[in-house]
Amino acid sequence: EKGHFRHFMQKEIFEQPTVVAQTLRSYLRQVDQSLALPQVDFDLSRINRITIVACGTSFYAGMVAKYWIEAFARLPVDIDVASEFRYRNPVLEPGGLALFISQSGETADTLAALRHCKAAGQTIAVVVNVPTSTMAREADLLLPTHAGPEVGVASTKAFTCQLAVLAALAAHLAVKRGRMDREEEMEVVQHLLEVPASLNAALEHDEEIAAMAHHIAQARDVLYLGRGPDYPLALEGALKLKEISYIHAEGYASGEMKHGPIALIDEDVPVIVLAPSGPLFEKTVSNMHEVRARGGKVILISDAEGIAEAGEGCIATIEMSQVHPLIAPLVYAVPVQLLAYHVACLKGTDVDQPRNLAKSVTVE
Ligand code: M6R
């Protein structure tokens, strides 16, 4: 039931600190600050390539995972949306791990891709939220998220729980491959354990975000920009807005702006910039200045340091607490979800049951 919430989506957004903590509990051991992934009867250290396949929001979680797995475990990662992957005759060599991400565990394209990879001799890992689902049953390595039932068609808590599992998996692979020592493992675990509190802090921006939703609600087009692991989050922000508010939105890698989309910028196109301070901040800010120089109206989502440096001249800013770059994609998911949610409420759309969409897409 919805309890005191207006919509399931809103309830699910607010459940994130609890369900992410719940999910992390089965992948981390707090006592000795170590990773604790399910035991498997094959040698994960011998995997030589990972192929990630998913759809929609789960695909964006996979994009973040690619970034982490490459950075930590130094394993090559290939990623595709399921509907493309299946039909491009992908090269699947021995020693490959195919990783499928799905809230429902029933998405037809993802399931078809899973069966294709299985037939091609890949080891099958799945990150699913429904433990009784078809994908869960067909996996060699089952990595459940513990988000609880997700009712809103727009995926929210499943996404952050997927990211939590994928971060633990990336670090685990790094340990297995001898790329991460005990001290680094403890550091990763500590950062992950900080996530629930950081999600709570992010949720405190709810009213402030509701108050800025009018900037977006009148727009015809909206752009979201991010870099590195925050680029998939820009895509996710745009997808959320499209799905529930029916406003046209696009996510772009910040550096791609000047290769085309900047032509769209004028006073009527709000641009949402996701830029936690950190190694990629300066570059993203220079892309933001390019937008502003063309009259673009920027909403900057960053932390105190980032906003002090680049917040002036933005139509609005959301000041997040300072978080480690590893966990930023989880924490910055909250303001993009809340923004889409409040814009949809202003527009009066059916938030939990947006037109033309089904919770689980079981046709290819
Ligand atoms: O159940 P799945 O995670 O496999 O579903 C994948 C997509 O259909 C899903 O994420 C969809 O994009 C959501 N409506 C996004 O909010």
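Structure values in brief
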{"quantity": "Whole-Hz couplings from phi, Karplus 6.51/-1.76/1.60, listed for segment 174-182; x for Gly and Pro", "calculated": "5, 5, 4, 8, x, 9, 9, 8, 4"}
{"quantity": "3J(HN,Hα) from dihedral phi, segment 81-89, Karplus parametrisation 6.51/-1.76/1.60, rounded to Hz, x for glycine, proline", "calculated": "6, 4, 5, 8, 3, 4, 10, 10, 6"}
{"quantity": "Structure-based [θ]222 nm, the chain - -39500 (n - 2.57) summed over DSSP H runs of at least 4, per residue, nearest 500", "calculated": "-13000 deg cm²/dmol"}
{"quantity": "Under the Karplus curve 6.51 cos²θ - 1.76 cosθ + 1.60, θ = phi - 60°, whole-Hz ³J(HN,Hα) for segment 314-321, x wherever Gly or Pro sits", "calculated": "7, 6, 7, 9, 10, 8, 7, 6"}
{"quantity": "Nearest-ten-degree value, helix 56-73 long axis tilted from longest Cα axis of the chain", "calculated": "70"}
{"quantity": "Charge context of VAL285, other residues only, Cβ under 11 angstrom, K/R +1, D/E -1", "calculated": "0"}
{"quantity": "Space enclosed by the convex hull of the alpha-carbon atoms of segment 31-104, per residue, Å³", "calculated": "133"}
{"quantity": "Longest to shortest principal axis, alpha-carbon extents of segment 1-131, angstrom", "calculated": "51, 39, 25"}
{"quantity": "Percent of beta bridges antiparallel (DSSP, segment 245-364, rounded to nearest 5)", "calculated": "0"}
{"quantity": "Convex hull volume per residue in cubic angstrom - Cα atoms of segment 184-282", "calculated": "127"}
{"quantity": "Relative contact order [Cα under 8 Å, 6+ residues apart], the chain, whole percent", "calculated": "20"}
{"quantity": "The chain - convex hull of alpha carbons, volume per residue in Å³", "calculated": "133"}
{"quantity": "On Cα atoms only, tilt of 108-119 relative to the major axis of the chain in degrees", "calculated": "30"}
{"quantity": "Interchain or long-range residues, amide H under 5 Å from ILE272's placed H", "calculated": "LEU223, TYR224, LEU225, ILE299"}
{"quantity": "With Cα atoms, 0 to 90° folded angle of helix 16-25 axis to the chain main axis", "calculated": "20"}
{"quantity": "Exceeding the 32 Å Cα-Cα cut-off - candidates LYS240/LYS283; LYS2/LYS118; LYS2/LYS176", "calculated": "LYS2/LYS118; LYS2/LYS176"}
{"quantity": "Considering only the chain, percent of DSSP beta bridges that pair antiparallel, nearest 5", "calculated": "5"}
{"quantity": "Fraction of the pair-distance distribution of segment 307-364 above 16 Å, Cα-Cα pairs, percent", "calculated": "65"}
{"quantity": "Translational diffusion of segment 283-331, µm² s⁻¹ [Kirkwood Rh, Cα pairs; Stokes-Einstein; 25 °C; 0.890 mPa s]", "calculated": "215"}
{"quantity": "Residue order, fewest to most surrounding Cβ atoms within 10 angstrom, among ARG355, ARG25, ARG177", "calculated": "ARG355, ARG25, ARG177"}
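Laboratory data are not the source of any read-out in this text; all were calculated from the coordinates shown. Computed from a prediction, not measured in an experiment: that's the story for all the values here. Positions of Cβ are backbone-derived with ideal geometry, glycine not excepted, and every protein chain shown enters the neighbour counts.
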